[in-house]
Amino acid sequence: MKTALKVVLGLVALVLVGVGSAVGYVATVGIPTYEVPQVDVKVEVTPARVERGKRFARMLCAGCHLAPDKDALVGRYFLDLPKEFGDIWSKNITQHPEYGIGKWTDSQLVVLLRTGIRPDGTWIPPYMPKLVHVSDEDVYSIIAFLRSDDPWVKPQAIPNTPSKPSLLTKLLSHGPFKAPPFPSQPIVAPPASDQAATGKYLAFALDCYTCHSKDFKSMNIMEPEKSEGFMGGGNTILDAEGNPILSPNITMDEETGIGKWTEDQFVRALKHGVRPDGQINRYPMEIYSGLTDDEAKAIHAYLRTVPKLSHKVDRSVGPRQEDPAITDGKLVYQKYGCAACHGMTGMGICDLRGFKAKYPDAGQLVAFIKKPQATVPDSRMPAWDGVIKEAEYAPLLTFLETLSAPAAASAAK
């Protein structure tokens, strides 16, 4: 018995030493590097491609790379990424030759978008989506937009802030999450006449499954439908105030998912941010105003083909500290979750502190809040018409005035 016990303890010790050595190795070498795929691509920049590329960039790139105080794709801190993955900053992807992608070739950009491999072979872990399911034409359109004269991508001399990936991120990058292979065949989008296939294409392109499946750590990049808890929600994400929330179940289960939603209700929630119960989608859920109604309906059609999951998700947020000197306007601001995007200081993923420069007249601002897409067609602002009560606009605007002061003071300097 003693001999057997010694053998078992010896084996356990060897395993622990092996695991410790492996963890130590990963901690030392960090994120892996790869051989850069050799491709030869030259993208023709056309007005049609720039327009379509801008639509995709607003839906795919802006959420991570758009700095609210610069209104440019110069990178920012990942607010919604759970801390277990580290402190992550997105990069400057303007046309600046030193800090941005001004010196990158079209081939290098295609490789990055497809695989996450930079020109020097370093790899971006899964917090950057890899466009493995997006058509060649749509990838080229994104590149055409990045080459355009749009203000978002004009050269900005803003240095990048280094990310600090956690040990967990490093381990995952050496394990289940690796650089996907560069496509060996052309990728073509399905015809618009095939509604469900188009919806699937868009849902994969917009990376819906990563948030709405069970866990970031168990997602399947190459075969999304094999991700654990596919579209059933329950993944832990962070709102703009750093509060942990769980993603909702968007399968068609009637009791715990969206099975009772009509097509029109789904389109409104996706494009305007208002759910059938009158509640507003919370950050980090995007407002996909850039989608056409037909595209939103196609995503709905695809979700109707996804197996239903009976999975009730607790959507409550932990207790928040309230200001004892709360005003009526601040109460309205909190009531409708404005801080989810703008923060309690007006500076969140969207900076509203300088709103008076765009909307000096109160009536104009109220009109924008009610129907933002009527003023800015691709706005990511929810449509508040019929949600915020008419009597609440006056105190809300009074509170917003207090948020504009810091921006005005900064501009004065």
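The values are calculated or read from the model by the stated rules, or taken from the named source; none is laboratory data. In this text the structure is predicted, and so the values were computed from the model without any measurement. Note that we place each Cβ from the backbone using ideal geometry, even for glycine, and neighbour counts take in every protein chain shown. When the accessible area is computed, the model is the full protein with side chains, heavy atoms only, and any ligands, DNA or RNA have been set aside. Shrake-Rupley method; radii C 1.70, N 1.55, O 1.52, S 1.80 Å.
To the nearest 10 square angstrom, what accessible area does Arg55 show with a 1.4 Å probe?
Accessible surface of Arg55 is approximately 60 Å².
Which value in nm describes the separation of the simple spin-label points at Thr122 and Val41, placed 7 Å from the Cα toward the beta carbon?
The answer from the label model is 2.1 nm.
Expressed as a whole percentage, what fraction of the accessible surface of the chain belongs to carbon and sulfur atoms when a 1.4 Å probe is rolled over the protein heavy atoms?
Answer for the chain: carbon and sulfur cover 58 percent of the accessible area.
Mind scanning Lys70/Lys103; Lys260/Lys335; Lys154/Lys358; Lys335/Lys356; Lys164/Lys308; Lys170/Lys214 and naming the pairs with a C-alpha gap bigger than 29 Å?
As for pairs spanning more than 29 Å Cα to Cα, those are Lys164/Lys308.
Out of all Cα-Cα pairs in the stretch 227-266, roughly what percent, to the nearest whole number, are more than 17 Å apart?
41
What are the residues whose amide H is under 5 Å from the amide H of Thr122, where those residues sit 5 or more places off or on another chain and H is modelled from the backbone?
Amide H neighbours of Thr122: Tyr34.
Using the Karplus curve 6.51 cos²θ - 1.76 cosθ + 1.60 with θ = phi - 60°, what ³J(HN,Hα) values do you get for each residue of the stretch 256-262, in whole Hz, with x for Gly and Pro?
Result, ordered by residue: 10, x, 10, x, 8, 6, 7 Hz.
Can you compute the equivalent ellipsoid semi-axes for the chain, i.e. the square root of 5 times each eigenvalue of the Cα gyration tensor, sorted largest first and rounded to whole Å?
Working: eigenvalues 265, 150, 122 Å².
They are 36, 27, 25 Å, listed largest first.
Is the shape of the stretch 80-177 rounded, prolate or oblate, going by the alpha carbon gyration tensor and its root eigenvalues a ≥ b ≥ c, with a/c under 1.5 for rounded and a/b larger than b/c for prolate?
Oblate.
Using amide H atoms built in the peptide plane, which far-off residues or other-chain residues are under 5 Å from Ile245 H to H?
Result for Ile245 returns Ile237, Leu238, Asp239.
Averaging sequence separations of C-alpha pairs under 8 Å and six or more residues apart, then dividing by the length of the stretch 86-133, give the relative contact order as a whole percent.
Computed over the stretch 86-133, the figure is 20 percent.
Along Cα→Cβ, 7 Å out, is where each label goes; now give me the distance between the ones at Asp194 and Met222 in nm to one decimal.
2.1
Report the label-to-label distance for Lys389 and Arg315 in nanometres (one decimal), using points 7 Å from each Cα along the Cα→Cβ vector.
About 2.2 nm, to one decimal.
Relative contact order for the chain: what is it in percent, counting Cα pairs under 8 Å that are at least 6 residues apart? Working shown, then result.
On the way: 691 pairs, mean separation 57.6, N = 413.
That works out to 14 percent.
Please report, ordered by residue number, every helix of the chain (full DSSP H runs) that is 18 Å or longer along its axis going by C-alpha atoms and whose mean Kyte-Doolittle hydropathy reaches 0.0.
Working: long enough: 2-29 (40 Å, 1.82); 47-60 (19 Å, -0.79); 393-412 (28 Å, 0.98).
Helix filter hits for the chain: 2-29, 393-412.
Give me the distance between the Cα centres of the stretch 142-165 and the stretch 335-383, rounded to whole Å.
The stretch 142-165 and the stretch 335-383 have Cα centres spaced 24 Å from each other.
Evaluate the relative contact order of the stretch 135-265 (contact order divided by residue number), counting alpha-carbon pairs under 8 angstrom at least 6 apart; express in whole percent.
After rounding, I find 14 percent.
Suppose the chain between Asp293 and Glu84 were pulled fully straight at 0.36 nm per residue; how much longer would it get relative to their current alpha carbon spacing?
Here the answer is 71.5 nm.
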